[in-house]
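K.L.:
First the structure, which I've put down as structure tokens, then a few questions once you've had a look.
Values in this text are rule-based calculations from the coordinates and carry no lab data. Predicted, not measured: the structure shown is a model, and the values here were computed from it. No Cβ is skipped: glycine too gets one built from the backbone with ideal geometry, and neighbour counts run over all protein chains shown.
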């Protein structure tokens, strides 16, 4: 099915309705003086691929990363 064609004045007047139609999957050609100048179409959502283990071996976590802070540093955080 060919895209629907509409002149630019009508497109300005009915833009909200045309956007709804495009979102539903219908392409709309916008014409000026009978010649197509733009196409209103639905955007495709970007497909996001997840690759697990991408940083495996690149990040090192110290064995004591969750150890308590030294008392003098803890006192600074607590405002003592």
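K.L.:
Which one of the conditions (1) surrounded by fewer than 11 Cβ atoms within 10 Å (Cβ to Cβ); (2) touching a residue at least 12 places away in the same chain (Cβ under 8 Å); (3) touching a strand residue (DSSP E or B) at 6+ places or on another chain (Cβ under 9 Å) does residue 25 fail to meet, given that it meets all the rest?
P.N.:
Failed condition: (3).
K.L.:
Yes or no: the stretch 45-54 includes at least one residue that is free of Cβ contacts under 8 Å to residues at least 24 places away in the same chain, over 30 Å from residue 3 (Cβ atoms), over 23 Å from the mean Cα position of the chain (by Cα) and in a loop (DSSP other than H, G, I, E, B).
P.N.:
Looking through the stretch 45-54, at least one residue is free of Cβ contacts under 8 Å to residues at least 24 places away in the same chain, over 30 Å from residue 3 (Cβ atoms), over 23 Å from the mean Cα position of the chain (by Cα) and in a loop (DSSP other than H, G, I, E, B).
K.L.:
Only residues that are surrounded by 10 or more Cβ atoms within 10 Å (Cβ to Cβ) and part of a loop (DSSP other than H, G, I, E, B): list them for the stretch 55-80, please.
P.N.:
Scanning the stretch 55-80 gives a single hit, 69.
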